[in-house]
Amino acid sequence: MFDLRGKTALITGSSRGIGRAILLAYAGQGARVILHCRKPGPCSQQLISELVTMGADFTAVYADLGSGDGAGELCRQLKEQNISIDILVLNASVELRREWTEISDREYDLQMDTNFRAPVKLLQALVPAMQEKGWGRIICMGSVQQLKPHPAMLIYSAGKAALENVVRSLAPQLAPMGITINCIAPGAIRTDRNSQALSDPDYERQVKNLIPARYIGCPQDIAGLAVYLASRESRYMTGQTLYVDGGKSL
């Protein structure tokens with residue numbers, strides 16, 4: 001079960017955090033994986049070395065999804081290398097903490113372009129090939145904040161809620177073509193993005209107290225579900241939002 005050999009998976013924002021864990025899990029299941037990040041750097045180079053060591057079939061692409069044509073640039077690179085995507089994980093995001101009264105136009109644009117506009121553009125560009133093949137798996141990375149918004153992340157939580165609506169809208173349209181689309185909504189996950197905030201013991205304690213399981217998750221807690229949703233075994237599940245949050249959404 002959960003064999004991904006013969007499938008090509010693009011995971012946006014996969015040089016670190018949850019995206020990295022998903023990419024490694026897919027490679028471990030035999031998929032050809034497409035590593036994506038904004039630009040080459042220490043994180044992507046370390047991951048590439050790890051993929052080489054494990055003998056994975058992989059390609060790296062670089063594009064800034066927060067720019068006007070970032071999604072187009074990513075797709076151009078795929079086309080140049082004749083890469084057709086079977087599994088699309090829309091993971092890349094920008095999360096800015098700011099009081100809602102102080103959000104600037106630039107901060108709004110950066111978050112919405114990366115978290116919502118780029119995913120829609122990628123869907124428009126990459127789903128037609130899935131339709132031609134009669135098979136595809138799409139996973140949108142949401143957040144518990146689409147249900148329980150953080151007071152200092154208005155735009156981030158709103159963008160994630162909008163992406164969840166895309167899942168519900170596209171699921172019945174794509175299902176007859178053998179394509180599923182689902183949303184994974186993580187809760188508090190220990191990644192480098194959250195490391196500064198969680199370095200405060202008092203804040204970490206507050207976060208844990210809001211989680212019935214009383215601990216903060218790790219990226220691998222998300223990767224297992226992502227493998228299932230990318231596999232043939234998930235064929236009968238579509239249009240769903242699955243919370244992986246230690247019970248925080250309850």
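FYI, it's all coordinate maths here, none of it is from the lab. Not measured: the values here are computed from a predicted model. Heads up, the Cβs are rebuilt from the backbone with ideal geometry, glycines too, and the neighbour counts pull from every protein chain shown.
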So what's the back-of-envelope 222 nm ellipticity for the chain, counting only DSSP H runs of four-plus at -39500 (n - 2.57) apiece and dividing by all residues, rounded to 500?
-13000 deg cm²/dmol
If one takes the longest principal axis of the Cα atoms in the chain, at what angle in degrees, from 0 to 90 and to the nearest 10, does the Cα axis of helix 17-28 lie?
30
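Can you pick out the pairs among K7/K133; K148/K208; K121/K148 whose Cα atoms lie more than 19 Å from each other?
Details: K7/K133 12 Å; K148/K208 15 Å; K121/K148 27 Å.
Distance filter (> 19 Å) returns K121/K148.
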Equivalent ellipsoid, the chain (semi-axes from 5 times Cα gyration tensor eigenvalues, Å):
27, 20, 20
Distribution output for segment 74-114: share of Cα-Cα pairs per 10 Å bin in percent, first bin at 0, values 22, 34, 24, 16, 3
Return the loop-located chymotrypsin sites (Phe, Trp or Tyr not before Pro) in segment 156-241 (DSSP other than H, G, I, E, B) with at most 13 other Cβ atoms within 10 Å of their own Cβ; answer none if there are none.
Y215, Y236
Cα centroid separation - segment 111-158 against segment 175-190, whole Å:
9
